[in-house]
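Written below as structure tokens is the structure these notes are about.
The values are calculated or read from the model by the stated rules, or taken from the named source; none is laboratory data. Here the structure is a predicted model, which means the values were calculated and not measured. Please note: Cβ atoms are built from the backbone with ideal geometry, for glycine as well, and neighbour counts cover all protein chains shown.
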Amino acid sequence: MTVDLLQICPYDKAPFRDICRSHSAAARSMGWTSHTVFLHSPDRRAQFSPAEDDRYYMDGPEDPAGLHHLRNLAPQKLCLMHRYRSLRVARRAGLQAPREMLLAHEFGLLDSNWRRLRLAMSERKLLLAGVSPPVAEELNTPWVLPNVLEAAEQDRHRVSRAVARRHLGLKSDELVVGVIGRLHRKKNTLLALEGFGEFQRSYAGESRLLFVGDGPLRPRLQSKSQELNLPVTFAGFVADATRYLQAFDLLLFPASGVEAFGMVALEAMLAEVPVVASRAPGPSWVLGDSATYFERNEPADVAKALSDAAARKLMGRERALEKFSLRAAAERLQEIADS
């Protein structure tokens with residue numbers, strides 16, 4: 001089976017499902033064929049439209065049938081491997097392509113894989129790329145292949161403000177500050193809570209903090225919100241959470257320095273939801289001048305940024321459409337294939 005773009009990805013859960021779909025759509029916009037191999041078969045397979053190219057689910061990296069499927073593929077232009085695990089499977093299958101790229105979605109790829117990557121780069125002429133310039137800089141590579149989103153698909157998928165608020169149990173007239181993501185210390189969720197507390201005390205209207213996601217920090221956050229007597233809703237895990245972005249008046253994205261990109265921030269930009277964020281290198285590159293930033297990880301700084309954002313409603317859709325569109329992705333894929 002010949003294919004122009006072959007993607008290998010660990011799994012089809014968010015955000016990788018949308019990332020792979022968008023790169024595939026970008027390839028199709030150039031007349032390329034595309035095929036995606038996921039290394040695990042999920043309980044609920046991603047809903048791809050009939051117009052999209054084929055995908056294949058392996059039953060784990062050692063799946064004999066899956067490795068056989070990979071061996072029978074003949075990528076004509078580019079094999080794009082998401083995360084190091086995908087490279088290992090490609091090597092095990094003996095897969096060869098005219099151009100191969102390993103895409104790092106986080107910092108630290110070289111921490112434990114440098115020797116093996118150096119060997120792969122010499123044997124296979126493998127290119128390394130980062131999803132943002134800070135990741136690429138760590139890898140000492142000139143290649144940056146950002147995550148992209150298919151704007152039309154995202155717009156169709158997103159529900160209205162009224163429907164989103166009903167689904168999440170929110171009032172129609174309160175200002176909602178939303179946080180989407182795992183409730184973990186790496187996500188600075190405690191800072192989000194304390195910053196909202198400072199903001200809420202000075203805000204003239206009715207406001208609420210909404211956490212969408214679950215994680216080990218939830219009991220502490222719940223206890224702290226009760227202690228401070230704050231209006232906070234813990235929605236827990238919500239499937240396809242970004243469908244409900246219109247429920248938010250502001251997205252609070254208090255990313256730590258380990259955040260490599262900031263997919264939720266990009267989705268908020270497309271949804272025209274103002275973003276309040278830290279100066280973490282990856283997300284701040286994605287957001288550019290379309291966000292309201294807090295300079296220090298202090299509750300007072302977060303509160304001031306929330307107040308500023310509520311007043312000026314800075315939007316990022318134009319930047320998202322320019323920098324992270326299918327057209328931009330297609331240009332990058334062609335450049336990589338031609339290199």
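Laid out as a table, the results:
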| item | result |
| --- | --- |
| Lone qualifier among SER86, SER112 - being assigned to a helix (DSSP H, G or I) and over 26 Å from ALA330 (Cα atoms) | SER112 |
| Whichever residue in region 136-167 is part of a helix (DSSP H, G or I) and of a type in the set (Lys, Arg) and, among such residues, is farthest from ALA26 (Cα to Cα) | ARG166 |
| Condition met for MET101 (touching a residue at least 40 places away in the same chain (Cβ under 8 Å) and surrounded by 13 or more Cβ atoms within 10 Å (Cβ to Cβ)) | yes |
| Scan of region 173-193 for residues that are in contact with a Ser or Thr (Cβ under 8 Å, 6 or more places away or on another chain) and in a loop (DSSP other than H, G, I, E, B), ordered by number | GLU174, GLY181, LEU183, ASN188 |
| Residue pairs meeting the criteria (Cβ under 7 Å; at least 6 apart or on separate chains; first more than 14 Å from CYS9 (Cα to Cα), in region 72-90; second hydroxyl-bearing (Ser, Thr, Tyr)) | ALA74/THR2; GLN76/THR2 |
| Sole exception among (1) part of a helix (DSSP H, G or I); (2) modelled with pLDDT of 95 or more; (3) closer than 23 Å to ALA152 by Cα for GLU272, by number | (1) |
| Matching residues, region 194-223, being out of contact with any Gly (no Cβ under 6 Å at 6 or more places or on another chain) and assigned to a strand (DSSP E or B) | SER207, ARG208, LEU209, PHE211, VAL212 |
| Filter result for the condition that a residue is under 19 Å from ARG21 (Cα atoms), outside any helix (DSSP H, G or I) and at pLDDT below 95, over PRO98, PRO75 | PRO75 |
| Matching residues, region 117-153, being closer than 29 Å to MET1 by Cα and among the basic types (Lys, Arg) | ARG124, LYS125 |
| Which numbered condition ALA46 misses (of (1) in contact with a Lys or Arg (Cβ under 7 Å, 6 or more places away or on another chain); (2) at pLDDT 90 or above) | (2) |
| Positions within region 148-173 being out of contact with any Asp or Glu (no Cβ under 8 Å at 6 or more places or on another chain) and under 23 Å from TYR84 (Cα atoms), in sequence order | VAL148 |
| Positions within region 138-172 being exposed (fewer than 14 other Cβ atoms within 10 Å of the Cβ) and not basic (Lys, Arg), in sequence order | ASN140, PRO142, ALA152, ASP155, HIS157, SER160, ALA162, GLY169, SER172 |
| Any hit, region 261-269, residues being buried (at least 24 other Cβ atoms within 10 Å of the Cβ), in contact (Cβ under 8 Å) with a residue 24 or more places away in the chain and on the phi > 0 side of the Ramachandran plot | yes |
| Of all residues making up region 225-250, the number that are surrounded by fewer than 19 Cβ atoms within 10 Å (Cβ to Cβ) and among the polar types (S, T, N, Q) | 4 |
| Number of the exception - LYS171 against (1) under 16 Å from PRO231 (Cβ atoms); (2) among the basic types (Lys, Arg); (3) free of Cβ contacts under 8 Å to residues at least 12 places away in the same chain | (3) |
| Residue check for ARG118: surrounded by 14 or more Cβ atoms within 10 Å (Cβ to Cβ) and either at pLDDT 95 or above or among the basic types (Lys, Arg) (or both) | no |
| Subset of region 124-135 [part of a helix (DSSP H, G or I) and either more than 19 Å from SER112 (Cβ to Cβ) or not hydrophobic (A, V, I, L, M, F, W, C) (or both)] | ARG124, PRO133, PRO134 |
| Verdict on ALA247 being of a type outside the set (Lys, Arg), touching a Pro at 6+ places or on another chain (Cβ under 9 Å) and touching a residue at least 60 places away in the same chain (Cβ under 8 Å) | no |
| Residue list for region 275-284, restricted to those being in contact (Cβ under 8 Å) with a residue 12 or more places away in the chain and either in a helix (DSSP H, G or I) or out of contact with any Leu (no Cβ under 7 Å at 6 or more places or on another chain) (or both) | SER278, ARG279, ALA280, PRO281, GLY282, PRO283 |
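Yes or no, residue by residue, for (1) under 19 Å from PRO133 (Cα atoms); (2) aliphatic (A, V, I, L, M); (3) assigned by TED's automatic domain parsing to the domain that holds TYR244:
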site	(1), (2), (3)
PRO274	no, no, yes
ALA280	yes, yes, yes
PHE294	no, no, yes
MET315	no, yes, yes
